[in-house]
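Read-outs: derived from the displayed coordinates by stated rules, not from any lab. Every value quoted in this text rests on a predicted model; they were computed, and no experiment measured them. Neighbour counts run over all protein chains shown; Cβ positions are idealised from the backbone, glycine included.
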Amino acid sequence: MKCGMYELDITPALGYEIPGYFEVRIADGIREKLYTHAAYFEDDNEKRIVIISTDGLQIPDSVNEIVRPQIAEKLNMDISGVLTCATHIHTGGPLYSWDIFSHTDETYLNFLASRMVDVAILSQREKRSVTIGYTKGYDDSIAHYRDFVMNDGTYRTNPGIGDNKKAFGKIDPDVNVIRIDNVSGGRYGAIVGYTCHTDCVAGTWYSSDFPGAMKETLRKLYGCDFMPMFVNGFFGNINHIDFEKSSHRVPGYYKSMGRRLAAEASRAMEFAELKTDIELNMISETIKIPTKEPDKELLAWADKIFKDYDNASVDDRHFASEARHIKKMGAQNIDIVMQVVRIGDLIIFASPREMYVEFQLMLKEKSPSAQTMCIGLANGPCGYVPIRELVQPGIYEARLNRDRLIDEAGYIMVDKLLKLAQLIR
C-alpha cells in the first residue's frame, strides 16, 4: 500500500468578498492561511484514489468540472477515484454567488482549480509505503442539533436561548480517523472526519475555523512534518451552538473546538489496527434530480414581502426574490455526483450538498461495512438537503433557494449510494 500527502496555500488576496452571510463582507485580514490538502492512495493492483479537501464554503461545479477530469488524466486514474470536498468555512474565498452579498471571482476560481490539480499531482509524487488503519473516536460536546420543535408545536432553526423547545433529532458524535504511518516507522498523516457546520468565526478576516485549529494541534503533537486533513460529514442541520444548555459563540471558541477534536482523534489513533495489505475500490455515478418549485402559498407570501419591501427583513427579501425567480425559470434538472470509495474495509460515502445528518445515520445503519464514514460537499457545491419531517415553516434549511432540490432528493441520494456500495463491497 502506498500513500502520498501534500498541501498548498490557497489564501486569497485581501479585498475579495467573503461568502456565507446575508451581508457584504470584504476581506481585510488573515487569522490563518487557507489550504487545499490531498491524500493519494495506490494499492498493489494500481488502483488509485485521491481525496482533496479544500478550505472554502464550497467547490463550485465550474471548478470541479475542470479539476476532476484533469486529475484523473494526469494521475492516470479513474475519475471515480477522484474525490473533492470543501470544509465549508464561512471565512474563505469568493466561491459562492449569494444574491447581492457575495459573488464568485473568475480569477480566484482559476487559481483554486490549478492549485487543486497541483496538490493532487504533488501528493502522488510523495507516495511511499505506508500502513493504514481506520479508527473511530467519540465527542458529543462539539456539535449540536440546530432544528427544534417549540412547545407550541411550531418549528425553528437556531431558536433563542431559554425558549421552551426540544431538539428534533440527534448529532453524529463519531470522530472518524484514517491513520497513516510510514512503513519505516513514525506517523505520516491522518484524515479526520467530523460532522459540524464550519461557521464559528465570522468577521472579515480569512480563517480556517476549527478544522485549521485541529490541524495545528495535531502538528504540535506529532511534528511539523505530520500531514493532517479534515473532511466534513453531512452537517446540514448541525452547528457549534448549544441552544439547549445556553452556550453561545465566544471569541476564540473555534480554537477550543479544534483542540478538543484533535485530542479525541489522537486518542482514537492509538487504537487503530494498522495494515499494509489494503485493497482500493471506487465507483461513481451522476444522477439528475430536479429542483423544487414554489407553491401558491409561497408565491402569495412573496407578493406580500414585495408590497412592504422596505420593512421586510434582509433574508425575507432574498427568499421572496428567489421564489419569484424559480417560478419564472421552472424546475431545473441538476447533475448530482454520487460516489463511493473503499479503502480496505472502510466504505466512504461521498455526496454533494449540505445533507442532513439523518441521511448519514441512514447510510451507516445500512452500509455493507461496519467501518463507514461520510463526506459532505463532495464533488459539488453547497445547498441544503433536509429530511421530509423538517420541511416546515420556521426551518431555515427548508426555505426555497434556486439550488434547493425536491423534498425527496436526500432519500434518492441515499438509495443510490447504497446501491453503489453493494457493487464494490
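Calculated over segment 372-425, the projected area of the Cα convex hull averaged across directions stands at 4.6 nm². In plain terms, if you count all Cα to Cα distances in segment 266-376 and split them into 10 Å steps from zero, the share in each step is 11, 26, 24, 17, 13, 8, 1 percent.
Principal semi-axes of the equivalent ellipsoid, √(5λ) from the alpha carbon gyration tensor of segment 268-318, are 52, 20, 8 Å from largest down.
Full extension of the segment from K33 to T286, taken as 0.36 nm per residue of separation minus the current Cα-Cα distance, would add 87.7 nm. On alpha carbon coordinates alone, what is the Rg over Rh value for segment 72-176, Rh being the Kirkwood radius? Taking Rh as the inverse mean 1/r over Cα pairs, Rg/Rh reads 1.11.
Among the listed pairs K288/K364; K275/K366; K304/K327; K215/K255, a Cα-Cα separation exceeding 19 Å is found for K288/K364; K275/K366.
Between the amide H of I10 and those of L34, Y35, T36, distances stay under 5 Å, these residues lying 5 or more places away or on another chain, with hydrogens modeled in the peptide plane.
Against the main long axis of the alpha-carbon atoms of the chain, helix 314-329 sits at an angle near 90°.
In units of the compact-protein estimate 2.2 N^0.38 Å, the chain shows a Cα radius of gyration of 0.95. Shown here: segment 1-49, whose C-alpha atoms stretch 50, 20, 13 Å along the first, second and third principal axes, sorted largest to smallest. Applying a DSSP loop filter and a limit of 16 other Cβ atoms within 10 Å to the trypsin sites (Lys or Arg not before Pro) in segment 112-158 leaves K127. Between E106 and L423, residue separation times 0.36 nm minus the direct Cα-Cα distance comes to 110.3 nm.
Can you give the calculated 222 nm mean residue ellipticity of the chain, where each DSSP H run of n ≥ 4 adds -39,500 (n - 2.57) and the sum is split over every residue, rounded to the nearest 500 deg cm²/dmol? Don't jump to the answer; show the numbers that get you there.
Numbers: 8 runs with 118 residues, N = 425.
Calculated mean residue ellipticity at 222 nm is -9000 deg cm²/dmol.
Extension gain, E279-R388: 0.36 nm per intervening residue step, less the Cα-Cα distance, totals 35.5 nm.
Note down the relative contact order for the chain as a percent, whole number, built from C-alpha pairs under 8 angstrom at least six residues apart.
On the way: 1042 pairs, mean separation 75.1, N = 425.
Rounded, it is 18 percent for the chain.
Quick check: the angle from helix 61-74's long axis to the longest principal axis of the chain, C-alpha only, nearest 10 degrees? Between helix and principal axis, roughly 10 degrees. Here's how it looks for T372: its modeled amide H is under 5 Å from those of I347, which are all 5 or more places away or on a different chain. Taking the longest Cα principal axis of the chain as reference, the axis of helix 106-125 is set at about 20 degrees.
Excluding same-chain neighbours fewer than eight residues apart, the aspartates and glutamates reachable from K33 by a Cα-Cα span under 14 Å are E7, D9, D55, D209, E216.
So in the chain, what percent of DSSP beta bridges are antiparallel if you round to the nearest 5?
Working: 62 of 81 bridges.
Bridges in the chain are about 75 percent antiparallel.
Amide H contacts of N232: G376, each under 5 Å away and 5 or more positions distant or on a separate chain (H built 1.01 Å from N in the peptide plane; Pro and chain starts excluded). Segment 340-384 to segment 251-283: how many Å between their Cα centroids? Using only Cα atoms, the two centres lie 17 Å from each other. With r as the distance between the Cβ atoms of R128 and N164 and R0 = 51 Å, compute the FRET efficiency 1/(1 + (r/R0)^6) and round to 0.05. Rounded to the nearest 0.05, the efficiency is 0.35.
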